[in-house]
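Student: Below are the structure tokens for one structure; questions will follow.
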């Protein structure tokens, strides 16, 4: 069960929900991510990591993670993906923001990491985090794709968890949706089959890659060779989600490459319910 904030106070109204979309050098999906929240009426803001750490900023530029309701780490190639994807970004956050983010998660506030953001959350130990809020060492990795190359293509996902995860409540269980992927290191891997089975038992698998008819995928439907075709997972509380494909890139139906076959819905892309789910959760519970 998630923690509830501000007991006894009125629920947070949509226009007062503050969303921090984090960025550093090399992130490149912050604009689409910022707009996804803003288009739904939230007070979205692009925030540089230095603003949260108080490095090289004026007092007016300083930001405090405690002032936000939702925290998002977007995709990109932070710090050039040197060492490995997300490693430098994760280390910088771990050294100066780990405890604040830990408190943020323990308060039940939603945290979303997409692509590079997923890699960062795994590096920091906030995912899968099967035995608490954060693990001291990573429990999984996002390894180099089996193709050994950058994969940028539409991917079909099956929604595996829509009850506990606060980001998927507006999807139907087993619903098949389309998010595009764009990564070179997206192969979800755990150290043993036993750890993977525990992850599944705890219902932390949220999205899996799937084929066009819902069958187990082969390449390119599974673009990276992920174990058990896993594309996205949540923490044990359900308020931290990481996934490799990009929901912000299909906020509107007009950016879905299959619209000529499925018909055109300008208002609803497959990614939009993910952001709506989190905002509705904040409105109802925080």
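Quick note: the coordinates plus some simple rules give every number you see, no bench work behind them. These numbers come from a predicted model, not from an experiment. Positions of Cβ are generated from backbone atoms using ideal geometry, with glycine treated the same way; all protein chains shown enter the neighbour counts.
Student: Just to confirm my filter: which helices (runs of 4 or more DSSP H) fall fully inside segment 1-109 and include at least 2 residues that are surrounded by 14 or more Cβ atoms within 10 Å (Cβ to Cβ) and out of contact with any helix residue (DSSP H, G or I) (no Cβ under 7 Å at 6 or more places or on another chain)? Walk me through it before giving the result.
Tutor: Values: elements: 30-39, 49-53, 87-96, 98-106.
In segment 1-109, the matching helices (runs of 4 or more DSSP H) lie at 30-39, 49-53, 98-106.
Student: Quick one: would you say residue 261 is in contact with a helix residue (DSSP H, G or I) (Cβ under 6 Å, 6 or more places away or on another chain), more than 20 Å from residue 71 (Cα to Cα) and not in a loop (DSSP other than H, G, I, E, B)?
Tutor: On the way: in contact with a helix residue (DSSP H, G or I) (Cβ under 6 Å, 6 or more places away or on another chain): no; more than 20 Å from residue 71 (Cα to Cα): yes; not in a loop (DSSP other than H, G, I, E, B): yes.
No; evaluated as a whole, the condition is false for this residue.
Student: Can I ask one more? If a residue must be more than 12 Å from residue 232 (Cα to Cα) and in contact with a strand residue (DSSP E or B) (Cβ under 7 Å, 6 or more places away or on another chain), how many such residues does segment 105-120 contain?
Tutor: Residues meeting the conditions: 6.
Student: So how many residues does segment 241-272 have that are over 22 Å from residue 211 (Cβ atoms) and in contact (Cβ under 8 Å) with a residue 24 or more places away in the chain?
Tutor: Looking only at that region, the number is 5.
Student: Let me ask something else about it. So which pairs qualify, if the first residue must be in segment 224-240 and without any contact (Cβ under 8 Å) to a residue 24 or more places away in the chain, the second must be assigned to a loop (DSSP other than H, G, I, E, B) and surrounded by fewer than 19 Cβ atoms within 10 Å (Cβ to Cβ), the Cβ gap must be under 8 Å, and the two must be at least 6 apart or on different chains?
Tutor: Pairs that qualify, where the first residue is without any contact (Cβ under 8 Å) to a residue 24 or more places away in the chain and the partner is assigned to a loop (DSSP other than H, G, I, E, B) and surrounded by fewer than 19 Cβ atoms within 10 Å (Cβ to Cβ), are 229/216.
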